[in-house]
């Protein structure tokens with residue numbers, strides 16, 4: 001039996017946290033899942049058994065910070081699943097981590113390997129607390145305490161650039177640097193420190209998520225129309241990107257999965 005809940009953050013955290021989700025599943029047989037880049041850094045707690053990473057041949061850490069990945073990964077359950085995940089706004093993980101998010105690029109880092117005693121203490125408290133709603137309250141109190149020391153001057157620049165990416169499918173990096181009022185080289189550095197990936201990679205992730213969202217709204221939309229609306233140079237370019245990010249062509253993906261965009265869908 002599976003149980004899945006998405007929970008909105010407290011109003012004071014909504015600017016920084018998209019949502020929390022809790023997944024429980026008592027799977028007798030192993031369950032596999034293909035995971036695509038979602039455009040957001042996440043904080044994950046495995047309160048049940050950890051998932052097995054098929055490509056890497058190892059278990060995920062019990063508690064971890066998941067940076068941006070570029071491509072897909074396959075995970076396999078190893079027993080009872082009970083996952084609690086904090087999904088940050090795309091620009092916001094640095095607000096709480098207090099270190100450049102680029103350090104997590106392409107990897108999931110165990111909380112015990114992050115040199116931050118407060119995060120380690122949070123992990124212990126969440127692990128030892130059985131009530132899921134109380135876990136959320138613990139996490140929110142922790143996040144609120146981390147907010148007050150954070151300077152916002154570059155955060156506002158990154159938020160402005162992110163808005164441009166979200167509303168302009170064909171935006172280029174010089175335009176983003178202009179919006180952020182930064183030189184090209186400085187913009188790339190600031191962007192990667194906050195977003196945890198390069199502007200080019202992030203634009204490609206959002207483009208893929210935009211295509212998923214269009215197909216989520218209407219799976220019969222012609223692929224050429226999706227490619228044009230999402231900023232791909234042509235349909236063959238979109239097919240190539242779909243293959244990179246999901247392992248499938250768009251047609252194959254629609255026969256296997258119900259398209260869903262984590263980035264553009266809201267609770």
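Things to note:
- Filtering the stretch 132-150 to residues that are in contact with a helix residue (DSSP H, G or I) (Cβ under 9 Å, 6 or more places away or on another chain) and either under 16 Å from residue 15 (Cα atoms) or not assigned by TED's automatic domain parsing to the domain that holds residue 92 (or both) leaves 139, 140, 142, 143, 144, 145, 146, 147, 150.
- Residue 52, sole failed condition from (1) within 15 Å of residue 89 (Cβ to Cβ); (2) buried (at least 17 other Cβ atoms within 10 Å of the Cβ): (1)
- Residue match in the stretch 235-246 (condition: touching a residue at least 24 places away in the same chain (Cβ under 8 Å) and in a loop (DSSP other than H, G, I, E, B)): no
- Those residues of the stretch 13-37 which are touching a strand residue (DSSP E or B) at 6+ places or on another chain (Cβ under 9 Å), crowded, with 20+ Cβ neighbours inside 10 Å and in a loop (DSSP other than H, G, I, E, B), in sequence order: 16, 36
- Residue 64 passes every criterion in (1) at pLDDT 95 or above; (2) within 21 Å of residue 262 (Cα to Cα); (3) surrounded by fewer than 17 Cβ atoms within 10 Å (Cβ to Cβ) apart from (3).
- With respect to the conditions (1) within 30 Å of residue 97 (Cα to Cα); (2) buried (at least 20 other Cβ atoms within 10 Å of the Cβ); (3) touching a residue at least 40 places away in the same chain (Cβ under 8 Å), residue 264 falls short on a single one, namely (2).
- Taking the stretch 110-126 as the range and being in contact with a strand residue (DSSP E or B) (Cβ under 7 Å, 6 or more places away or on another chain) and surrounded by 15 or more Cβ atoms within 10 Å (Cβ to Cβ) as the test, the residues that pass are 111, 114, 123, 126.
- Residues located in the stretch 224-241, provided they are surrounded by 15 or more Cβ atoms within 10 Å (Cβ to Cβ) and either assigned by TED's automatic domain parsing to the domain that holds residue 165 or closer than 24 Å to residue 164 by Cβ (or both): 226, 227, 228, 230, 231, 232, 238, 241
- Within the option set 218, 184, 262, being in contact with a helix residue (DSSP H, G or I) (Cβ under 9 Å, 6 or more places away or on another chain) and more than 15 Å from residue 69 (Cα to Cα) holds for one residue only, 184.
Conditions (1) in the same structural domain as residue 248 (by TED's automatic domain parsing); (2) within 23 Å of residue 161 (Cβ to Cβ); (3) touching a residue at least 24 places away in the same chain (Cβ under 8 Å); (4) assigned to a strand (DSSP E or B), marked per residue:
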site	(1), (2), (3), (4)
61	no, no, yes, no
64	no, no, yes, yes
71	no, no, yes, no
82	no, no, yes, yes
90	no, yes, yes, no
94	no, yes, yes, no
99	no, yes, no, no
109	no, no, yes, yes
112	no, no, yes, no
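- Residue match in the stretch 207-223 (condition: touching a residue at least 60 places away in the same chain (Cβ under 8 Å) and exposed (fewer than 14 other Cβ atoms within 10 Å of the Cβ)): no
- One residue alone among 194, 153, 248, 253 is buried (at least 17 other Cβ atoms within 10 Å of the Cβ) and within 21 Å of residue 15 (Cβ to Cβ), and that residue is 194.
The values are calculated or read from the model by the stated rules, or taken from the named source; none is laboratory data. Here the structure is a predicted model, which means the values were calculated and not measured. Reconstructed Cβ throughout: ideal geometry from the backbone, glycine too, with neighbour counts over all protein chains shown.
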